[in-house]
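The values are calculated or read from the model by the stated rules, or taken from the named source; none is laboratory data. Keep in mind it's a predicted model, so treat the numbers as computed, not measured. Every residue, glycine as well, gets a Cβ built from its backbone with ideal geometry; the counts of neighbours run over all protein chains shown.
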Amino acid sequence: MTQSNTQRSARRLVRRGLLVLFALALSPLAAQASQPASGLGQAWPNAPDVSASPHWHVYVFERDGVRYVQVNHANGRVLGAFATAGGQFLVLPMGIGANLSVAPTGSTTPTTGEIVYADGTVQVTATPAADGSLNLRAMDLPCSDPVECSTHIAPQ
């Protein structure tokens, strides 16, 4: 009986060891699934593509009440990015092959260009320029929902 008990103990030990190894193998996957979007400035960041068009990739990151929007070409090349909070915009120094501009608050919605991104408060359009470059334009949209409007940070 001692040998049988020894074999059972050995099997239990092996099973526990395998369970520990299995748990260790899965832990990076669990950690990755719980991490917020990251990779601002990268061609293929760890964030969902929220583009309104199949011609572009748009990634949104949020931190401390500031939303960062990055526009990439279909091949992954970063074209431009900006930060926005409370109707204020800041163009970030990244991207190539596009001119990113911000429309002043109260501007009318552009009638030309393709809508690249729109979330109800911010819209980005892309318009090819005569010289072959791309013009990206970000603008604050007027708020039409009083509940949504009251949750925005007021401009200083």
Exercise. What pairs come up if the first residue lies in region 111-123 and is among the hydroxyl-bearing types (Ser, Thr, Tyr), the second is at pLDDT 90 or above, and their beta carbons are under 6 Å apart, counting only those six or more places apart or on different chains?
Worked result: 112/127; 117/52; 117/58; 117/124
Seminar exercise, completed: Checking 134, 92, 100 in turn, the sole residue that is modelled with pLDDT of 90 or more and under 17 Å from the mean Cα position of the chain (by Cα) turns out to be 92
For this session: Can you work out which of the residues in region 64-84 that are buried (at least 17 other Cβ atoms within 10 Å of the Cβ) and in contact (Cβ under 8 Å) with a residue 60 or more places away in the chain is nearest to residue 135 (Cα to Cα)?
Result: 71
For this session: Return a yes/no flag: does region 122-137 have any residue that is hydroxyl-bearing (Ser, Thr, Tyr) and not in a strand (DSSP E or B).
Result: yes
